[in-house]
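Computed from the coordinates by the stated procedures, all read-outs in this text should not be read as laboratory data. For clarity, every value in this text was computed on a predicted model and none was experimentally measured. Note: ideal-geometry Cβ built from the backbone for every residue, glycine included; neighbour counts use all protein chains shown.
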Amino acid sequence: MSFTVAIDGPAAAGKGTISRAVAAHFGFAHLDTGLLYRAVGARMLDGLDPVEAAQTLDPASLERDDLRSPAVSQAASKVAPIPEVRAALLDFQRAFAARAGGAVLDGRDIGTVICPDAPVKLFVTASDTVRAERRYRELAEKGVETTFDEVLAEMQERDRRDSERAAAPLKPAKDAVVLDTSQMSIDEAVAAAVAAIEERR
Ligand code: C5P
């Protein structure tokens, strides 16, 4: 039987870490849907038309080393408002969600558009400062040269674009459990997510 956990939220709120941990905990498959938009964004930066890039994307080959760069983050949020791009990525995400054995999908519109009937919806968030600090540390560890202010500004720009777009904007589903991780350690955030899932299982 399928069981879908939808995890949405703004950039660097901890969605990825929480999703991977709960997927491992329950033995569910995990899809980071941001990677789909990042792959389309990267192909746009390579000169491809974003709609064509989305329609010809092979979701099985999403690993490109540069998909996490700040340039690709921005490109992803620029292709994400295009309805034809979102439509091209829909079936793959729904099929993934319907897998036997359970699935965790994280993104911006999983609880609102992709899986509106998911039995568990989490909206993971944290203050702007905390999120920018986390992302800044991540990038610094990878050796990316940047500053905290730059990371904060880019993140806020991306969140604004994601929240204000007409197609599938970033917002909590009405029945989502909001998890503010500003004051939580990773272990605490994962424990809270596991508890929310246990309650609805
Ligand atoms: O989650 P991540 O930061 O990797 O997502 C990159 C971008 O992809 C987001 O800023 C957003 O514009 C887009 N996205 C989306 N819908 C999703 C996942 C990501 O629009 N479900």
Condition broken by Gln55, with the remaining ones in (1) more than 30 Å from Phe148 (Cα to Cα); (2) more than 11 Å from the ligand (Cβ to nearest atom); (3) in contact (Cβ under 8 Å) with a residue 60 or more places away in the chain; (4) touching a helix residue (DSSP H, G or I) at 6+ places or on another chain (Cβ under 8 Å) satisfied: (3)
Matching residues in segment 89-114 - criterion: being away from the ligand (no atom under 12 Å from the Cβ) and within 12 Å of the chain's Cα centre (by Cα): Val104
Residue satisfying condition, being more than 17 Å from Ala166 (Cα to Cα), among the charged types (D, E, K, R) and within 11 Å of the ligand (Cβ to nearest atom), within set Arg86, Arg43, Arg68: Arg68
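Can we say Glu157 is away from the ligand (no atom under 13 Å from the Cβ), over 14 Å from the mean Cα position of the chain (by Cα) and under 17 Å from Tyr37 (Cβ atoms)?
no
Quick grid of which residues meet (1) exposed (fewer than 14 other Cβ atoms within 10 Å of the Cβ); (2) among the polar types (S, T, N, Q); (3) not in a loop (DSSP other than H, G, I, E, B):
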site: Ala39; (1), (2), (3): no, no, yes
site: Arg43; (1), (2), (3): no, no, yes
site: Gly47; (1), (2), (3): yes, no, no
site: Val51; (1), (2), (3): no, no, yes
site: Asp66; (1), (2), (3): yes, no, yes
site: Ser73; (1), (2), (3): no, yes, yes
site: Lys78; (1), (2), (3): no, no, yes
Condition check for Val190: within 16 Å of the ligand (Cβ to nearest atom), in contact with a Ser or Thr (Cβ under 9 Å, 6 or more places away or on another chain) and β-branched (Val, Ile, Thr): no
Checking Val124 against (1) surrounded by fewer than 18 Cβ atoms within 10 Å (Cβ to Cβ); (2) β-branched (Val, Ile, Thr); (3) within 12 Å of the ligand (Cβ to nearest atom), the condition it does not meet: (1)
Positions within segment 18-40 being closer than 22 Å to Val120 by Cβ and within 12 Å of the ligand (Cβ to nearest atom), in sequence order: Ser19, Leu31, Asp32, Thr33, Gly34, Leu35, Leu36
Index of the failed condition, Ser77 passing every other in (1) away from the ligand (no atom under 14 Å from the Cβ); (2) in contact (Cβ under 8 Å) with a residue 12 or more places away in the chain; (3) not hydrophobic (A, V, I, L, M, F, W, C): (1)
